[in-house]
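Each value in this text was obtained by applying a stated rule to the coordinates, not by laboratory testing. Since the structure is predicted, the reported quantities are computational estimates derived from the model, not experimental observations. Positions of Cβ are backbone-derived with ideal geometry, glycine not excepted, and every protein chain shown enters the neighbour counts.
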Amino acid sequence: MMLAAACKKPGPTIIAPLGTFNGIFTRIHYTNATKKYDTLKAGLIVVIDINTGFSVTGDTTVHTASHGDFYTDATHIQFDDFDFAEPLKVHLDGVYDYTYDGSLLQFSKSVGDTLHYSYALRGQ
């Protein structure tokens with residue numbers, strides 16, 4: 001038993017997505033009535049800080065500027081938005097699947113079968 005434990009390879013190193021990220025938010029919505037997809041895009045700046053949480057600024061015509069807490073593990077990142085002031089706009093809130101390679105941060109989530117949110121952000 002001791003030999004097996006000693007030979008076990010370590011798991012992958014997890015790089016926390018901390019810092020300032022700039023990139024594109026994309027919302028893809030499928031409308032059942034028209035059987036078509038519509039896409040909205042916005043340029044965003046997302047700051048993720050271990051002490052102050054997250055904040056979103058940039059093009060707020062489609063996506064709401066906001067701030068709050070975040071939590072992460074190896075494959076998911078959760079945002080808890082403190083600012084639900086504009087309920088008709090998208091907020092960075094909830095659990096997203098994510099990947100981060102030290103430079104490119106990508107996270108996304110689907111809401112039902114007809115709505116998908118995607119963020120592709122580069123570290124600054």
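A dipole drawn for the chain from +1 and -1 charges on Cβ atoms has a positive end, and of Ala65, Phe84, Gly102 the residue lying farthest that way is Gly102.
Would you mind calculating the gained length between Arg122 and Ile14 on full extension (0.36 nm times residue separation, minus the Cα-Cα distance), in nm to one decimal? It would help to have the intermediate numbers written out before the result.
On the way: separation 108, 0.36 × 108 = 38.88 nm, distance 1.73 nm.
Between Arg122 and Ile14, full extension yields an extra 37.1 nm.
Each residue of region 23-38 was assigned a 3J(HN,Hα) from its phi angle through the Karplus expression (A = 6.51, B = -1.76, C = 1.60, θ = phi - 60°), giving x, 10, 9, 10, 10, 10, 10, 9, 9, 4, 4, 9, 6, 10, 9, 10 Hz with x at Gly and Pro. Based on DSSP H segments of at least four residues, each scored -39500 (n - 2.57), the chain has a per-residue ellipticity at 222 nm of -1000 deg cm²/dmol. What fraction, in whole percent, of alpha-carbon pairs in region 17-123 exceed 22 Å separation? Cα-Cα pairs of region 17-123 separated by over 22 Å account for 26 percent. Label positions at Ser108 and Thr61, each projected 7 Å from the Cα along the C-beta direction, are separated by 2.4 nm. This model, with +1 at the C-beta of Lys and Arg and -1 at the C-beta of Asp and Glu, gives the chain a dipole about its Cα centre of some 520 debye.
Count of lysine pairs in the chain with Cα atoms under 20 Å apart, counting only pairs 8 or more residues apart in sequence or on different chains? The partial results should precede the final answer.
On the way: Lys36/Lys109; Lys41/Lys89; Lys41/Lys109; Lys89/Lys109.
Eligible lysine pairs with Cα atoms under 20 Å apart amount to 4.
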